Amino acid sequence: MNAAGKIENILWPNDLSNCSEEALPHVLSLAKQYGAAVHVLYVAEDLSRHDPWYGGFNASHIKKIINWEMKKAKERLQEFCQSGLEGFVGYSKKIEVGDPARVILDFIDKYSIDMVVMCRRGKKNNFAMGGVSQKIVENSPVPVVITPSAKHLEK
Amino acid sequence: MYKKILFGTCLTEYCDHIFNYTLNLAKDNEASLWIYYGLGRLNLNQEQVTQAIKNAEAQVADAYVERIRTKGLVDYKINVSDGDVASEMTKLARNAGMDVIVMGTSTQAPISIGEDINVGPLGPVVSETILWAPCPVLVIPPSLIPGLAQG
């Protein structure tokens, strides 16, 4: 809720993982309850920000990889939204490049987000809590809802 | 949306603000509001534990019940227990079928110790609750506190 006691903008950071998808019912329920807009955000990792530890690399290769990821992400996000958000009109989707946690935090400021909903695990699924989720909970200026993954609930 | 809300408190000033947010959430959703206060592991005998729980329940009631009634909510419960806080709280959430747990980032959040509103590292209780919770966990940052909000 913002200062006026409303939730007008909900951010759903989405890395196109199963876990992200599992947060969707929660996002939709909140959006319908509060009449909020849903912002779907995919962040492509900016590979060029890594130091060239083993010597310089060709920047054009990095650019090609990022462009390919952006293209694929755009297609998959489109499918994702068409199936998951069908019939829900108040959503927008965006693809950005950069450090995922940094981009999400900037997005919160830029679009006056009132609440973030994200899954506990990320795409890599290596750890009980994803690194991006952790950074967002630790640094977000707005409330964050962390949803458990179905895999976790089966245990 | 949320029919059962569990508010985890440590009775600090920061929790007071989080409680306001939780109250609004409960009102909006016409939800049942459960308040959990964990005493941690107590090195006391059974009688002393029972007394400590009784005292803590009175403290929680003092801190929140008046505001719950003022808000017009009637469906609420206070739950106090000893034992590991995150473990007890998530167990309660599981057994009672909670829809969401609401809590702050840390008992040691800067606002709680009279410093600035920047979000610090997550406290151990919220970190473990996120990992073990059977339902979504809503974390309210100190920066949301009225009058101190960023931006």
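Odds and ends about this structure:
- Summarising the amide proton neighbourhood of B:G104: residues at separation of 5 or more, or on other chains, whose placed amide H is nearer than 5 Å comprise B:I140.
- Counted by neighbouring Cβ atoms within 10 Å, the residues A:W68, A:W12 run from fewest to most as A:W68, A:W12.
- Cα pair count fraction exceeding 19 Å, expressed as % - the range A:8-97: 46
- Each residue of the range A:13-19 was assigned a 3J(HN,Hα) from its phi angle through the Karplus expression (A = 6.51, B = -1.76, C = 1.60, θ = phi - 60°), giving x, 9, 9, 6, 8, 4, 5 Hz with x at Gly and Pro.
- When chain B is treated as a Gaussian network with alpha carbon springs shorter than 10 Å, the biggest mean-square fluctuation among B:A61, B:A96, B:A31 belongs to B:A96.
- Links that overshoot a 30 Å alpha carbon limit, given the list A:K94/B:K3; A:K74/B:K4; A:K94/B:K71; A:K135/B:K91: A:K94/B:K3; A:K74/B:K4; A:K94/B:K71
- Counts of other chain beta carbons within 10 angstrom of each beta carbon in peptide B:92-105 average 1.
- Sorted by Cβ density within 10 Å, fewest first, the residues A:L16, A:L30: A:L16, A:L30
- Each Cα pair under 8 Å and six or more residues apart adds its sequence gap; the mean of these over the residue count of chain B is a relative contact order of 29 percent.
- Projected onto their three principal axes, the Cα atoms of the range B:1-62 cover extents of 42, 23, 19 Å, largest first.
- Test item: B:131-140 mean partner chain Cβ contacts at 10 Å: 6
- Separation of the range B:39-79 from the range B:7-22 is 14 Å, based on Cα centroids.
- Antiparallel DSSP beta bridges within chain B, percent to nearest 5: 5
Read the figures in this text as sums done on the coordinates, not as results from a lab. Source: prediction; values computed, not measured. With ideal geometry, Cβ positions are generated from the backbone for all residues, glycine too; neighbour counts draw on all protein chains shown.
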